[in-house]
Amino acid sequence: MSLRTVEMALATPGLDREGRPIRVPVGAGRAAPGTYDDDFGAEHMLVNIGPQHPATHGVLRLVLEMEGETVKRCIPHLGYLHSGFEKLGEYRHYNQIIPLTDRTDYLSPMANNVGLALAVEKLMGLQITERCQVLRVIACEMSRIISHLVWLGTTGIDLGAFTPFLWSFQERERIYNLQEMWTGARLTTSLTRVGGLMADIPQGFEAGLREFTRTFPDTLREVDTMFTRNAIWIGRTQGVGVLSAEEATNHSLSGPMLRASGVDYDVRKDRPYLGYETYDFDVPIGEHGDIYDRYRIRLEEMWQANRILEQALDRLAGLAGAPINLDDPRVILPPKSRAMSDMEAMIFHFKQVMEGVKPPAGEAYMGIENPKGELGYYFVSDGTAKPVRWRIRPPSFINLSSLPRMCEGALLADVIAINASVDIVMGEVDR
Amino acid sequence: MTAVTSVSPSVPALRAEFGPAIERHLVSCGDTIVYASKARSHDVLGWLKDAPGQQYDYLTDVTAVEYRDSERPLEVVYQLRSLPRRADLRVKVALDKQETLEVRSVVDLWRGADWLEREAYDMFGIVFLGHPDLRRILMWETYAEGYPLRKDFPLRGHFSRAEQTRQALAANPEAHYSLEELSIADSFDELPPDMRERLARGERGFLK
């Protein structure tokens, strides 16, 4: 008996004359109900996982058509966390959209903020200051580390390894403390503004981050020792959930998922933004496209992110006291002290708060390399202060769309591992 | 971010290949945008994917834009990328709102278009002809309020909160399953008789 499912059968919405759903289901032509051969004790059943299940990493619901322990088909159901962010964005000023981005991929809020600011700046043709660029690189790479740490810890738990979860969450806590120090929030950071940042880094931040980059590799080494040559880990991850390079490209995957399949594309290298081309870092590329390669890539990306953080800190030392915001009263609010004492500054303050930033009519797509993959923001403006259309290209959503393909013919226990390896955040999948 | 104002070299090639099917092109913020005619959109996209020298093998995104000006056609937007050439191109197909919103699906070219087209269908009501599994993805299958990202859809939805609650509480159990799941259960004789009777009467969804 073949364990592979037939081609993903196609659903046709609708009922036939007798009121039965139209689609011919997989296996219907092969055996009458109840007359299955039982090589594998192959009992047919539908298994429902989620939406409230820790292994689905949020409110994802998977309906699995099983034959014995083999998955014949996996049907994901989304939308439990749908908040209509794209619609909401059409009713808000550009700077007011930034808090919405915190809540999409809530494991890397600062990187989302940066992406949004970059998209609006592209739309307006603004060139941000050098210090702002360096600080945004720091924000992006801090986000990459915390996002990958969450992935590492939760995936370990899904596969039965508890200890790395504690290690990774301990490290994550240190970044969260720094994040809180900088933005005042642990999750809803709203760090950036169009043309600059909400705030400069506080005193003690640089020293704290320097200390983190010095000691963080210890944890990475421990995780490496614990996982990389661990027989159980290898047994559960190697050769599971394999996607070839062609499939990965054809499924529009991005980020570590794409690179694990051996496709060399990283937005930071290939369409550099924030001066990433001037940093010295490597992009790891996998060859097998399985869960193990995805693990190796995310682990290596944390090393590289740490390298970038060190370089960014070096640059920051040379930019002490440099401005973080553009000197342009049309996009940047004047300081509060000036707005309260200077007539002109007050007018600019009023106009900006009441009317918002106004990009010219046009449209722009800006993709950045987020921890999950390529996060794209696509804005269409008609010259008013609110976008006509704000589209998020959600990397988790698109990566997750390859899940049914990867689960075909896998075992039930592997579905958990495969789903974990995609690294989804339901806030972003459902938006 | 240097502002590139030059047109992508794919545009003259497209014009030479398809002539009037390429309606117009423009450059916005450095991105080249090409408008393809609705009738030949699939040919244009397939050619861009496979023709040597184009090789747009990666579909970054599929979405749609509706403008505030109600006269303006709705646009389906394809963000294409060539991984070997490291080049991007945006192809748009304008759909007149007076006609049915239909365009050929590109799932046969890029599997990644599957969920993206479902989302555009879910949010804008654009029918992608030839899509293997076109049903709502973020909203539930029996969602009856329309298409949320259309401009005539109010921010808080068409139904009142009370009506939304009433409908949720009055739903049949089968409303919570997709037709795909029901069809699987049906073929293995796992549907309860009362559920099957309701489906036979066409009553899937909400109790009246």
Practice item. Give, ordered by residue number, each residue of the range B:60-85 whose 1.4 Å probe accessible area is reduced by a minimum of 20 Å² on adding the remaining protein chains to the chain alone. Key: B:THR60, B:ASP61, B:THR63, B:VAL65, B:TYR67, B:ARG68, B:GLN79, B:ARG81, B:LEU83
Exercise for review: Taking only protein heavy atoms into account and a 1.4 Å probe, give the accessible area per residue of the range B:107-174 in Å².
Suggested key: 43 Å²
Study note, to complete from the structure: Taking Lys and Arg as +1 and Asp and Glu as -1, residues besides B:ALA94 with C-beta under 9 Å from its C-beta add up to 0
Exercise for review: Return the tail of the calculated pair distribution for the range B:159-208, meaning the percent of Cα-Cα pairs more than 15 Å apart.
Suggested key: 47 percent
Check your understanding: Using a 1.4 angstrom probe on protein heavy atoms only, which residues from the range B:152-192 are buried by at least 30 Å² of accessible area when all chains are present rather than their own chain alone?
Key -> B:LEU155, B:LEU179, B:GLU180, B:GLU181, B:SER183, B:ILE184, B:ASP186, B:SER187, B:PHE188, B:GLU190
Study note, to complete from the structure: Here, B:ARG201 and B:HIS176, labelled 7 Å along Cα→Cβ, have an inter-label distance in nm of 2.1 nm
Point to revise | Loop-located trypsin sites (Lys or Arg not before Pro) in the range A:214-303 whose Cβ has at most 10 other Cβ within 10 Å (DSSP) | key: A:ARG229
Study note, to complete from the structure: Taking protein heavy atoms only, a 1.4 Å probe, and rounding to whole percent, the accessible area of chain A owed to carbon and sulfur comes out at 54 percent
Practice item. Using a/c under 1.5 as the rounded threshold, could you call the range A:81-224 rounded, prolate or oblate? The axes a ≥ b ≥ c are square roots of the C-alpha gyration tensor eigenvalues, and prolate needs a/b larger than b/c, oblate otherwise. Key: oblate
Study note, to complete from the structure: Expressed as a percent, the accessible surface of chain B that is carbon or sulfur, using a 1.4 Å probe and the full set of protein chains, is 52 percent
Exercise for review: Please compute the Cα-Cα pair-distance distribution of the range B:17-58 with 10 Å bins starting at 0, giving whole percents from short to long.
Suggested key: 27, 52, 20
Revision key, fill the gap. Per the helix-only model, chain B has a calculated mean residue ellipticity at 222 nm (DSSP H runs of ≥4, -39500 (n - 2.57) each, divided over all residues, rounded to the nearest 500) of -8000 deg cm²/dmol
Check your understanding: A:ALA320 label point, 7 Å along Cα→Cβ, cut-off 18 Å on backbone N: hits in the range A:181-221?
Key -> A:200-211
**Study point:** Stokes-Einstein diffusion coefficient of the range B:112-208, Kirkwood radius over Cα pairs, 20 °C, 1.002 mPa s, in µm²/s
**Key:** 142 µm²/s
**Study point:** Between 0 and 90°, nearest 10: helix A:205-227 axis offset from chain A longest Cα axis
**Key:** 10 degrees
Exercise for review: Please check chain A for the longest run free of chymotrypsin sites (Phe, Trp or Tyr not before Pro) that are loop-located per DSSP (anything but H, G, I, E, B) and have at most 13 other Cβ atoms within 10 Å.
Suggested key: A:163-431
**Study point:** Interface size B-A, as summed buried accessible area [1.4 Å probe, Å², nearest 100]
**Key:** 6000 Å²
Study note, to complete from the structure: Nearest 10, in degrees from 0 to 90: the angle of helix A:343-355 to the longest Cα principal axis of chain A is 20 degrees
**Study point:** B:GLN164 versus A:TYR91: modelled label distance in nm, points set 7 Å from Cα along the beta carbon direction
**Key:** 1.1 nm
Point to revise | Largest-first ellipsoid semi-axes for the range B:10-139, taking √(5λ) over the Cα gyration tensor eigenvalues, angstrom | key: 22, 18, 13
Exercise for review: Please identify which residues in the range A:198-231 have an amide N closer than 13 Å to a label point set 7 Å out from the Cα of A:GLU310, following the Cα→Cβ vector.
Suggested key: A:210-218
Review point. Any idea what % of Cα-Cα pairs in the protein assembly as shown are farther than 38 Å?
Key: 35 percent
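Please calculate how many Å² of accessible area chain A carries per residue, with a 1.4 Å probe and no DNA, RNA or ligand atoms counted.
Per-residue value: 37 Å².
Taking the Cβ-Cβ separation of A:MET346 and A:THR384 as r and a Förster radius of 30 Å, what is the calculated FRET efficiency to the nearest 0.05?
Efficiency, rounded to the nearest 0.05: 0.80.
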Revision key, fill the gap. Taking every alpha carbon pair in the range A:114-157 and sorting the distances into 10 angstrom bins from 0 up to the bin holding the longest one, the percent per bin comes out as 25, 37, 23, 14, 2
Review point. Points 7 angstrom from Cα along the Cβ direction at A:ALA361 and B:ALA16: gap in nanometres?
Key: 3.4 nm
Review point. When the Kirkwood radius is taken over all Cα pairs of the range A:286-431, what Stokes-Einstein diffusion coefficient follows at 10 °C and 1.306 mPa s, in µm²/s?
Key: 80 µm²/s
Revision key, fill the gap. In terms of the alpha carbon gyration tensor, root eigenvalues a ≥ b ≥ c, rounded if a/c is under 1.5 and otherwise prolate when a/b exceeds b/c or oblate, the range A:189-319 is oblate
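Given only helices, namely DSSP H runs of n ≥ 4 each adding -39500 (n - 2.57), what is the per-residue ellipticity at 222 nm of chain A, to the nearest 500 deg cm²/dmol? Intermediate results must be reported in sequence, preceding the final value.
Working: 17 runs with 199 residues, N = 431.
Calculated mean residue ellipticity at 222 nm is -14000 deg cm²/dmol.
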Check your understanding: Applying 1/(1 + (r/R0)^6) with R0 = 35 Å to the Cβ-Cβ distance of A:GLN52 and B:LYS151, what FRET efficiency is obtained, to the nearest 0.05?
Key -> 0.50
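The values are calculated or read from the model by the stated rules, or taken from the named source; none is laboratory data. Just so it is clear, the model here is predicted, and its values are computed rather than measured. A quick note on method: Cβ atoms are made from the backbone with ideal geometry, for glycine too, and the neighbour counts reach across all protein chains shown. The area values use the complete protein model at the heavy-atom level, side chains included, leaving out ligands, DNA and RNA. Shrake-Rupley method; radii C 1.70, N 1.55, O 1.52, S 1.80 Å.
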